[in-house]
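Contents: one structure, followed by commentary.
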Amino acid sequence: MSLTVNGLDELKKLAGSDLGTSDWIEVTQERIDTFADATGDHQWIHVDPERAEQGPFGAPIAHGYLTLSLFIPLFTELLDVQGVTTKVNYGLNKVRFPAPVKAGSRIRLTARLAEAEEVPGGVQITVEGAIEIEGAAKPAAVLQSLSRFYA
């Protein structure tokens with residue numbers, strides 16, 4: 001369930017707050033193949049299920065950057081910022097991929113709004129997130145994401 005805030009002042013007040021956990025989404029082989037087509041990364045560990053079964057992970061795995069790209073749709077389930085004109089992905093401070101996401105696995109995001117600071121014309125937030133894999137001991141990704149919201 002999404003937390004909705006209206007405007008930059010309400011957004012700033014969320015600094016230090018847990019944002020909760022998103023719903024699960026499945027990372028299908030079709031999604032992996034589509035990502036491979038979009039990026040040109042057709043390495044066999046991603047797109048060749050038969051060969052990948054014999055590889056180091058025992059199954060095809062999602063690209064790390066596919067997992068990272070799913071941060072945005074998962075994050076929008078957690079926080080809806082209204083009353084702003086523009087929302088911009090500003091970058092990342094840190095990203096790690098502790099565990100691979102096997103095709104057919106489900107992932108979700110747990111996030112915390114660590115910081116909210118004023119920037120010219122808006123507010124920049126730092127979100128600490130973990131993309132979890134259902135049933136796995138380690139997350140698929142841990143990250144610090146920066147976003148800017150402008151009045």
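Every number in this text was worked out from the coordinates using simple rules, so none of it is lab data. Treat the numbers as computed from the prediction; the structure is a model and nothing was measured. Cβ coordinates were reconstructed from backbone atoms using ideal geometry, including for glycine residues, and neighbour counts include every protein chain displayed.
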Dipole moment magnitude, nearest 20 debye, the stretch 24-151 about Cα centre, only Lys, Arg, Asp, Glu C-beta charged: 280 debye
When the charge dipole of the chain is computed with +1 at the Cβ of Lys and Arg and -1 at the Cβ of Asp and Glu, the Cα pointing farthest to the positive end, of 146, 36, 62, is that of 146
Virtual paramagnetic centre 7 Å along Cα→Cβ of residue 17, amide N under 18 Å, in the stretch 88-122: 110-118
Looking at the chain, identify the longest residue range that excludes and avoids all chymotrypsin sites (Phe, Trp or Tyr not before Pro) in DSSP loops having at most 16 other Cβ atoms within 10 Å. 58-151
Computed label-point distance, nm, for sites residue 92 and residue 72 using a 7 Å Cα→Cβ extension: 1.3 nm
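What GluC sites (Glu not before Pro) does the stretch 67-135 have in DSSP loop regions with at most 15 other beta carbons within 10 Å? Spell out each step's value before the answer.
Working: sites: 77, 115, 117, 118, 128, 132, 134; in loops: 77, 134.
Qualifying residues, ordered by number: 134.
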For the chain, modelled as a GNM with alpha-carbon contacts under 10 angstrom, which of 32, 107, 72 fluctuates the most? 72
Given backbone amide H placed at 1.01 Å from N, residues whose amide H is under 5 Å from that of residue 115, ignoring those fewer than 5 places away on the same chain, are 16, 126
So how many Lys-Lys pairs in the chain land under 26 Å Cα to Cα, not counting same-chain pairs under 8 apart? 7
Quick calc: nm separation of the 7 Å Cα→Cβ label points for residue 124 and residue 146 -> 0.4 nm
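Mean separation of Cα pairs under 8 Å and 6+ residues apart, divided by the residue count of the stretch 11-151: what relative contact order is that in percent?
Values: 293 pairs, mean separation 43.3, N = 141.
Across the stretch 11-151, relative contact order equals 31 percent.
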